[in-house]
Structures are given as C-alpha cells and as structure tokens.
Amino acid sequence: MFSFRNFRYSSVLNNEILKYILIISLLLGPSFLVSDTSPELAVPGQPETAKLFILDASGSMNEYLGIYQKVHLAKKYVRHYVDKLPEETEVGFIAYGNRLPGCQSSRLYQPLEKGNRPGFQNKLFGLTPSGATPLAESIRIAGDYIVRRKSPTDLILVTDGIESCYGNPEKELQVLQQKGINFKMHIFGLGLKPEEKRIMQSLAKIGNGKYYNVGEDSDFFLAMEDLLKQEPLPKRTEVESEKRKPKIRIAGIEKNQTDSEDNFYRVKFIFENSDSDNQCVLLNLKRRSSTSSKIQSWNPQRASEPERVLRTEQICFRSRKGEGEFQISAPAHLPLNLELELWDTKGIPSPVDKSGEKNLTE
C-alpha cells in the first residue's frame, strides 16, 4: 500500500539527486547542458566553392585545334580538372549547342552535386556539337540556377568563339553582380582570334576571374593546372595519403643474356587506378641521358624527355588494379633506361601516372 511516508522519502531523494546534478553541471560548465555540436553553437567552416561549367557544344567545336578536335580536348581536360577536385566539391555543367540548332539551346545538363563524378562524366562525354553560341543566355541561365546559393560558385566557360546570338554577355554578368550572387567567371578560349581574345579577356575581368588562351593540347593542360592551383589545399588525411601513392610502379627487372649483342628482359609491374576499369600500361625504352635535364615535362603524367624514347610497347587491362610483365630484348652495348606510363582508356585516352625511370642495362 502506498503511504505518505514513502512519497515524502521519494521526494527528498529526488531533490537530492537534482541538487547533485545541478552542482556537477555548474562545475563542468555549459557544455554539459548543451552539446557543442548543436547547429546554433557550431563554428561555420570555410564554404566550399562549387564548380559550374558552361561548355561550348556549338558546331565549330567539331573543328580541329592542332591534331585534336576542340570538343575532345574540352571533354578531356574538364574531366582532368574535375577528377583532381576533392570529392566534397559540388560540380555540374550547362552546355549550349549539343544537337540543338538556333539560339535557345542552353540547358542545365548536370546539376551541382557532390560525389556524382560518373554521372557528370557520362553526360559530359555524351555532348555532340551543333548550333550557335548563345553566351549571354547561358550566363543568365547559370545565374538563375545559382541565385539562391549562399556558398560561392565558380563559373568556368570553355568556348571557341564569342557571342553569336545578339546577346550581351557583359550585361548579363553585371546583372548577376547586382543581384549579389557570389561567383567568379573563368574563361578558356580555344583557338580564338586576337579580337575575340580581347573580348573574352574583358569578360573574364568583369567576372573577377582569369582568362586562359588555349592554342594546343599542352596549353589546355597547363591552364587547367594553373586554375587548380587557385584551390585551397585540402586537409591531409590518411585516405588522401593513400591516393598519392604511385598508380604504376616497376616491381622488378630480370635480365638474361641471350647472345653477345642482345639481352632479354622481363619487366614486372603493378598498377592500381580506382577511377577506371579500362587502362593500358605503356613501356618506354629510352636512351640514357648524359646530363640531368632541368626542363619540366609539359605533362607530369607522361614520360619525361620523349625525344629519348627508342621504342614503346603496351599491355591493356579491363580491371582497376593488377600486375603484369613485359618481355623485351635490347642491345647489350647501349646504355638504356625504361619508364612505364599508366593510361585511362575509358572514353578519350588520357595519362594517369608514370613509374619514373629505371636503369635497364646495369
């Protein structure tokens, strides 16, 4: 049977417990009562800058810049740039042209998303050049899309021509600035004439961005690398440390002398590239350099000093990682080095990494 005495004892006990809780909370400070991870108290981090590309898929992108079609170069180096961004960076793209004639062809093909790199690449490589160059319309569409975003956005225009639809790109950029949109606009001009280049330089200046003139393949690579340098360095983690390991390396070289003139070699290698399941390993047999070259390679994923390459061989795989070996013969009297390259052959072939040179004949 419940009694008043029991109730009184229980109330006294509860009061004592509450008293101890209050004392402990005062000693520990306010973090005991309110979690420091609550949204109101959390310290905001540096906002990540999203990357929204505006890609020229007009008919003139079918033309050649050097030995490559402009559209192929654009796809190759946009992918290269995106692959080097942190996974948490939002990326997307608008394109104009792409099978659509006329001046109303601008479309948002890939919304800004984190981590959806396969979807981005599939839509990127599906672009087929056609139509005109509505730059002003594309800038307006980009502005309408990012107007509600609080974090900054980089607009990255890749084009081989200026406005051809009677729009005013400068005015559209000024409208975005008047609306208080947090953005910059960088421009890659592919094979532009001097007057077109001047117009695009002015447009990039209005957009508080950089202009890059692209006259050939190597220009595009260096320009993308320069833009990547503008990115804040990500925090170093163990996972990123793993990513920095070489993706292709020489595991061993076995030499067998077959006669007085030639030696036979078995070159074993190991590769791993989590970004693709279609890749080739390229072996470059090279003359040994008598002096140490200080000339920087135009592409750090490619073999250095290609003029020293005497012969190349390749083996291709349908896997993300594996091992294999080359079996080659070489003149015994020549001082030779070898170097391996790993190429991603999914879509447009592109170099991924290199092994560094090894002395073959010592």
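The values are calculated or read from the model by the stated rules, or taken from the named source; none is laboratory data. Please read these numbers as outputs of a predicted model, since none were measured by experiment. When we count neighbours, we look across all protein chains shown, and the Cβ atoms used for this are built from the backbone with ideal geometry, even at glycine. Protein only, heavy atoms only, side chains kept; ligands, DNA and RNA dropped before computing areas. Shrake-Rupley method; radii C 1.70, N 1.55, O 1.52, S 1.80 Å.
Odds and ends about this structure:
- Theoretical FRET efficiency, 1/(1+(r/R0)^6), r = Cβ-Cβ of residue 358 and residue 315, R0 25 Å, to 0.05: 0.90
- For the pair residue 83 and residue 62 in one chain, pulling the backbone fully straight at 0.36 nm per residue adds 5.1 nm over the alpha carbon distance.
- Placed amide H near residue 192: partners under 5 Å, 5+ positions off or other chain: 214
- For a label point 7 Å along the Cα-to-beta-carbon line of residue 147, residues of the stretch 175-210 with backbone N under 12 Å: 175-181
- Cα→Cβ-extended label distance, 7 Å offset, between residue 184 and residue 334, nm: 4.8 nm
- Its residues counted as N, the stretch 72-146 yields a C-alpha radius of gyration over 2.2 N^0.38 Å of 1.12.
- FRET efficiency, residue 264 to residue 305 (Cβ-Cβ, R0 30 Å, nearest 0.05): 0.70
- Across the stretch 262-271, computed HN-Hα scalar couplings (Karplus, 6.51 cos²θ - 1.76 cosθ + 1.60, θ = phi - 60°) run 10, 10, 10, 10, 10, 9, 8, 9, 10, 9 Hz from first to last residue, x flagging Gly and Pro.
- Annotation for residue 114 and residue 228: the two label points, set 7 Å from Cα along the Cα-Cβ direction, are 2.2 nm apart.
- Among residues other than residue 147 with Cβ under 14 Å from its Cβ, the summed charge is +3 (Lys and Arg +1, Asp and Glu -1).
- Residue 104 long-range amide H proximity, modeled H, under 5 Å: none
- When the stretch 323-362 is described by a simple charge dipole with +1 on each Lys and Arg Cβ and -1 on each Asp and Glu Cβ, the residue from 330, 350, 360 located farthest towards its positive end is 350.
- Estimated distance in nm for a label pair at residue 193 and residue 255, the labels positioned 7 Å out from Cα along Cα-to-Cβ: 5.9 nm
- 3J(HN,Hα) from dihedral phi, the stretch 150-164, Karplus parametrisation 6.51/-1.76/1.60, rounded to Hz, x for glycine, proline: 8, 7, x, 9, 8, 8, 10, 8, 10, 8, 10, x, 9, 3, 10
- The order of 333, 72 by accessible area, most exposed first and with a 1.4 Å probe, is 333, 72.
- Close amide-amide hydrogen proximity is noted between residue 90 and 51, each under 5 Å apart and 5 or more residues distant or on a separate chain (H modeled in the peptide plane; Pro and chain starts excluded).
- Computed E for residue 208/residue 168 - FRET, C-beta separation, R0 22 angstrom, nearest 0.05: 0.75
- Per-residue HN-Hα couplings for the stretch 190-197 [Karplus 6.51, -1.76, 1.60; θ = phi - 60°; Hz; x = Gly/Pro]: 9, x, 6, 6, x, 5, 5, 4
- Dipole magnitude of the stretch 84-234, debye to nearest 20 (Cβ charges: Lys/Arg +1, Asp/Glu -1, about Cα centre): 480 debye
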